[in-house]
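Enquirer: So that we are looking at the same thing, I have put the structure below in structure tokens.
The values are calculated or read from the model by the stated rules, or taken from the named source; none is laboratory data. Worth saying up front: this structure is predicted, and the values here are computed from it rather than measured. Please note: Cβ atoms are built from the backbone with ideal geometry, for glycine as well, and neighbour counts cover all protein chains shown.
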Amino acid sequence: MDQTPVLSLPYIAPSQAQKHVTHNEALRLLDILVQLAVISRTKAAPPGTPTTGDRYIVAAGGTGDWAGHDGKIAIRETTGWAFIAPVTGLVAYVTGDATLIVHNGTGWVPVPANLTPPDLQNLSGVGVNATPDTTNRLSVSAPATLFNHEGAGHQIKINKAAAGDTASLLYQTGWGGRAEMGLAGNDDFSLKVGSDSGSWTTALIIDRETGHVGVGVDAPSARLDVKGGVRPGQYATAGRPPAGTLGAGAMIYDTTLSKPLWSDGTVWRDAGGTAV
């Protein structure tokens, strides 16, 4: 045997003349293959102005000086291109796209990540077919997203730091807000709708303490307040709002009188039509 079994480095034979030639050839191959880094693995044709020492992995369909050398390592030497056939397990770093690849005996494939559970914790961001940013640290671009149970039920939790903060679901069109539901600026559940102008209308409020419902809060003609739905501070004065504020046909439940009232547009009346 006149060469090494793996990298095919030449041996110096006993009594060999010009031993430096064989020795230098072995050093040349080591210089190419040890800590192998190539510029690209997607080029099928040699670059126009290569620099001595440049290394590439020839892509499928090699042309010109690279014809017939698909998958081989091409190195630019002073006299032209030299080619080395890879061996199974040879690893190369591709500087052009910052990837690590390995030859599996048939072709070059990406080195699989050997991740452990701690490697996937406290990540700065996660993108699924998308790029996260400092605000949207989890970003998903897909036709649908599935959150499935594991054995029984499943909860999605949205937590906020204080009552004045927001914990909500925001629905958008073209990145413009169109509807929002959740705890927006307080601890009462609300549903708001918006338009291109950026203005919002609160369509529904559920009182956090009583569970009573206010409908059409920002649309008086459509408003319906159920027992306790009108809260102190919601209007300029506490208690029952002026009948004209909500418009004709509006209904409330007056907790003081313990009866429902309706507005004729001017005054509040009870079920019998008596102004109260």
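Enquirer: Just one of the numbered conditions (1) more than 28 Å from the chain's Cα centre (by Cα); (2) assigned to a strand (DSSP E or B); (3) modelled with pLDDT of 90 or more is not true of D187; which one?
Expert: (2)
Enquirer: Conditions first: (1) under 30 Å from W200 (Cβ atoms); (2) in contact (Cβ under 8 Å) with a residue 40 or more places away in the chain. Y171 passes all but one, so which condition is the exception?
Expert: (2)
Enquirer: Provide a single number: the residues in the stretch 24-51 that are surrounded by 14 or more Cβ atoms within 10 Å (Cβ to Cβ) and either in a loop (DSSP other than H, G, I, E, B) or at pLDDT 95 or above (or both).
Expert: 9
Enquirer: Is it true that L90 is without any contact (Cβ under 8 Å) to a residue 40 or more places away in the chain and touching a strand residue (DSSP E or B) at 6+ places or on another chain (Cβ under 6 Å)? Spell out the reasoning first.
Expert: On the way: without any contact (Cβ under 8 Å) to a residue 40 or more places away in the chain: no; touching a strand residue (DSSP E or B) at 6+ places or on another chain (Cβ under 6 Å): yes.
Taking the combined requirement at face value, the residue does not satisfy it.
Enquirer: Just give me the residues in the stretch 70-109 being under 31 Å from the mean Cα position of the chain (by Cα) and over 15 Å from R41 (Cα atoms), in sequence order.
Expert: First, the residues of the stretch 70-109 that are under 31 Å from the mean Cα position of the chain (by Cα): 91-102, 108-109.
Scanning the stretch 70-109 gives no hits.
Enquirer: Show the residue pairs that are 6+ apart or on different chains and have beta-carbon atoms under 9 Å apart, the first residue being within the stretch 94-112 and among the small types (G, A, S), the second being at pLDDT 90 or above and part of a strand (DSSP E or B).
Expert: As it stands, the answer is G96/V38, since those pairs meet every condition given.
Enquirer: If you scan the stretch 256-276, which residues turn out to be polar (S, T, N, Q) and either in contact with a Cys (Cβ under 7 Å, 6 or more places away or on another chain) or surrounded by 13 or more Cβ atoms within 10 Å (Cβ to Cβ) (or both)?
Expert: Kept after step one, since they are polar (S, T, N, Q), are these residues of the stretch 256-276: 256, 258, 263, 266, 274.
S263, the sole residue that qualifies.
Enquirer: Output the residues belonging to the stretch 52-72 that are under 23 Å from V91 (Cβ atoms) and either surrounded by 12 or more Cβ atoms within 10 Å (Cβ to Cβ) or not small (G, A, S) (or both).
Expert: Residues of the stretch 52-72 that are under 23 Å from V91 (Cβ atoms), as a first pass: 53-60, 62, 66, 69-72.
Selection gives D54, R55, Y56, I57, V58, A59, G62, W66, H69, D70, G71, K72.
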